[in-house]
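I have placed the structure first, in the form of structure tokens, so that the comments after it can refer back to it.
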Amino acid sequence: MSYRDRLQLRLEETGRPLRIGLVGAGQMGRGFAAQLLRMPGITLSAVVDVQHERAVEALTQAGITPVETLGPDDAARAVEAGGSVALTRPEDLGSLPLDVVVEATGVPEVAVNVAVQALAAGINVATLTVEADVTVGRYLTHLAAQSGAVYSVCRGDEPVETKILVDYARDLNFEVICAGKGKNNPLDPYATPESLAERAGTKQMNPKMLTSFVDGSKAMIEMASLANTTGLGVSTRGMHGPPSTVPTLHETFSLVEDGGVLEKAGVVDYCTGPVAPGVFVVIRTEDPYVHHEMSYLQMGDGPYFALYRPYHLASIEAPLTVYEMVLDGRASLTTEHWTAEVGAQTKRAMSAGERIDGIGGATVRGMIDPAEDFAREGLVPLGVLSGAVLTRDVPVDHVLTYDDVALEESSLIVRMRRIQEAMDTPGAEVPALGDLQRRLVAG
């Protein structure tokens with residue numbers, strides 16, 4: 001039975017729709033809301049945005065008139081009665097009778113705050129901020145298990161859609177050589193919001209968001225997420241990122257001894273060229289008859305073959321994660337491994353005392369690394385660097401270590417990362433969910 005039919009059946013059985021809370025009323029959030037409300041048995045009960053008028057606009061755009069409320073208790077009563085509310089504080093979400101909170105801010109600090117608040121209240125959490133997941137995804141998964149709720153990265157972005165192809169290949173017992181994505185924008189590792197301001201304006205995009213795409217940070221983040229959910233490794237620091245076409249994917253991402261770019265099998269990578277906006281998995285089979293059948297089915301000459309999905313629909317597909325959570329009790333993507341990290345490489349020479357402006361900024365870009373190498377070298381995650389101050393001079397193209405920076409230790413994501421890094425230490429204190437909410441969010 002389709003999710004549409006199951007949602008209708010659930011509505012008839014329970015007498016009330018699924019209650020969804022949305023945090024972040026920007027482009028991604030509004031796209032999500034518009035698609036979500038096309039389905040029966042669902043309502044958008046709350047929208048949270050730091051700009052109250054944007055939260056109101058997101059609801060009215062969806063055809064919903066928000067209820068005026070005076071505080072969290074008033075808002076909870078309104079939602080219980082079937083109304084919808086516009087709020088400005090993520091801290092108020094935990095008091096609302098919601099089934100799922102969808103986080104769509106793109107800001108890692110906000111994303112983890114929302115996740116902790118919702119999970120502490122036993123509310124399922126679906127996030128579109130992959131940047132937070134590749135920084136503290138292990139700890140968030142640990143907290144979700146304590147809460148009994150489901151935490152997941154949303155469908156529609158490349159990590160989840162590529163994971164589905166990986167699972168498909170493994171279910172057929174093919175050897176997965178490489179999984180990855182096509183990169184839309186030509187790579188410019190030294191791009192800045194200032195250099196891309198005009199282009200961002202024509203695309204009606206935030207310049208920092210566009211910069212994170214162009215400088216490669218987003219590709220590093222997405223492929224690290226894919227690695228950490230599938231257990232695949234990292235091809236090499238920064239990945240290869242060769243040009244490719246769809247018909248040549250199986251040649252491009254074969255092993256070096258077979259004419260490709262890969263030194264080892266079982267890794268993530270990306271390519272430039274007309275593969276974007278699709279995702280792919282390159283597989284290999286040595287069985288003569290399976291090889292024959294794949295060739296007969298026009299999948300190539302073998303022994304390497306490419307499985308390819310020509311699109312990912314971002315916020316349009318994200319509601320699928322909500323349905324999976326509530327109707328199937330499962331996550332679309334969760335951190336089951338920790339094989340990849342995303343560090344930070346400087347875009348220019350920098351001096352002690354300079355402040356780092358984070359993902360998509362003018363100072364650093366994301367750089368994927370195997371997790372073991374990352375830990376051994378003492379590298380610092382990109383996701384905790386916003387607002388950090390350099391403690392010494394560093395050259396251009398330098399990959400930052402913890403010794404290079406003074407972090408904003410009061411930041412929630414920094415504190416959660418510290419806890420995650422201590423999780424494997426015998427005897428280390430790992431705060432329970434309730435304690436974390438009180439100690440880290442309430443201060």
- Message: Only Cα pairs within less than 10 Å get springs; with that Gaussian network setup on the chain, which residue of 130, 166, 430 has the largest fluctuation?
- Response: 430
- Got a sec to turn the phi values of segment 67-77 into Karplus ³J(HN,Hα) couplings, 6.51 cos²θ - 1.76 cosθ + 1.60 with θ = phi - 60°, whole Hz, x for Gly and Pro? 7, 6, 10, 9, x, x, 5, 5, 5, 4, 5
- Mind checking which lysines have their Cα closer than 19 Å to the Cα of residue 203? Skip sequence neighbours fewer than 8 apart in that chain. 183, 218
- In the chain the DSSP beta bridges are antiparallel at a rate, in percent to nearest 5, of 45
- Message: Over the chain, with a Gaussian network built from C-alpha contacts below 10 Å, which listed residue (329, 41, 106) shows the highest mean-square fluctuation?
- Response: 329
- Message: Can you tell me, using C-alpha contacts under 8 Å and at least 6 residues apart, the relative contact order of segment 208-340 as a whole percent?
- Response: 30
- What does the charge add up to near residue 158, with Lys and Arg as +1, Asp and Glu as -1, over the other residues with Cβ less than 14 Å from its Cβ? -1
- In whole angstrom, the spacing between the Cα centers of segment 223-242 and segment 262-293 equals 14
- In straight Cα distance, which aspartates and glutamates are under 14 Å from residue 347, not counting same-chain residues fewer than 8 positions off? 188, 194, 215, 357, 393, 397
- Task: Check cross-link reach from residue 163 to the aspartates and glutamates: straight Cα distance under 20 Å, and skip same-chain residues fewer than eight apart.
- Result: 131, 133, 171, 175, 222, 269, 317, 324, 328, 336, 341, 369
- Query: GNM on the chain, C-alpha springs below 10 Å: top fluctuator among 197, 78, 118?
  - Reply: 197
- Whose amide H sits under 5 Å from the amide H of residue 405, counting only residues 5 or more places off or on another chain, with H placed in the peptide plane? 391
- Counting only residues 5 or more places away or on other chains, whose amide H sits under 5 Å from the amide H of residue 85 once H atoms are built in the peptide plane? 46, 47, 67
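Which value results when the Cα radius of gyration for the chain is divided by 2.2 N^0.38 Å?
0.99
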- Note on the structure: For residue 100, other-chain or 5+-apart residues with amide H closer than 5 Å (H placed, Pro excluded) are 19, 21
- Item | Additional length obtainable on full extension of the chain from residue 8 to residue 296, 0.36 nm per residue less Cα span | 99.4 nm
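All of the numbers you see were taken from the coordinates with simple rules; none came from a lab. It should be emphasised that the depicted structure is a prediction, and the values quoted were computed from it without experimental measurement. Cβ coordinates were reconstructed from backbone atoms using ideal geometry, including for glycine residues, and neighbour counts include every protein chain displayed.
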